[in-house]
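Written below as structure tokens is the structure these notes are about.
The values are calculated or read from the model by the stated rules, or taken from the named source; none is laboratory data. Treat the numbers as computed from the prediction; the structure is a model and nothing was measured. FYI the Cβ positions are ideal-geometry reconstructions off the backbone, even for glycines, and counts take in every protein chain you see.
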Amino acid sequence: MFRKRNSTLETFISKDVTIKGELMTEGVVRIDGNFEGSISAGGVIIGKSGEIKGDVSAREIMVGGNVVGNIDAKEIIEIKPGGEVQGDIQTFKLIISEGAFFIGRSSMQRPLDAAPEHPEHDEPVENKVKKLFKSISIF
């Protein structure tokens, strides 16, 4: 996931470290310890022993540990087997692996620069349903 853009790990919070506060960086952050507060970064990796209590915002987020808080990713959120998220998720692409745990609401939306691929998707749902029923012949 993070290899696509040649992102390098810039910040590492090891297993025996606890931090409270606000973390802001354009780079990639890996949390294997405990973090309480908000994180805003280019990428966030929560290792198996990592625990976050607070909101996380990044381009890409990978959860292998525990997050209690809301997560907002511009591109992708992946919850790995054993990963746990308790909070709301907002992203363009969401991957929840078998063995992962998620309680909350998820909201998926297109990136701001993406236009619909097919103009007919802009048609109201009511019109689509009417066309579908007109095209179905039961007898």
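Restricting the first member to region 66-91 and to residues that are within 10 Å of I103 (Cα to Cα), and the second to residues that are buried (at least 16 other Cβ atoms within 10 Å of the Cβ) and of a type in the set (G, A, S), the beta-carbon pairs closer than 7 Å and six or more apart or on different chains are V68/G87; G87/G69. For L132, the criteria (1) outside any strand (DSSP E or B); (2) at pLDDT 85 or above hold in every case but one, which is (2).
For (1) buried (at least 19 other Cβ atoms within 10 Å of the Cβ); (2) assigned to a strand (DSSP E or B); (3) touching a Phe, Trp or Tyr at 6+ places or on another chain (Cβ under 6 Å); (4) at pLDDT 95 or above, each residue gets a yes or a no:
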residue: R3; (1), (2), (3), (4): no, no, no, no
residue: K20; (1), (2), (3), (4): no, yes, no, yes
residue: I39; (1), (2), (3), (4): yes, yes, no, yes
residue: K48; (1), (2), (3), (4): no, no, no, yes
residue: I52; (1), (2), (3), (4): yes, yes, yes, yes
residue: E75; (1), (2), (3), (4): no, yes, yes, no
residue: E78; (1), (2), (3), (4): yes, yes, no, yes
residue: G82; (1), (2), (3), (4): no, no, no, yes
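Filtered by the rule that a residue be outside any strand (DSSP E or B) and either β-branched (V, I, T) or on the phi > 0 side of the Ramachandran plot (or both), region 84-106 gives G87, G99, G104.
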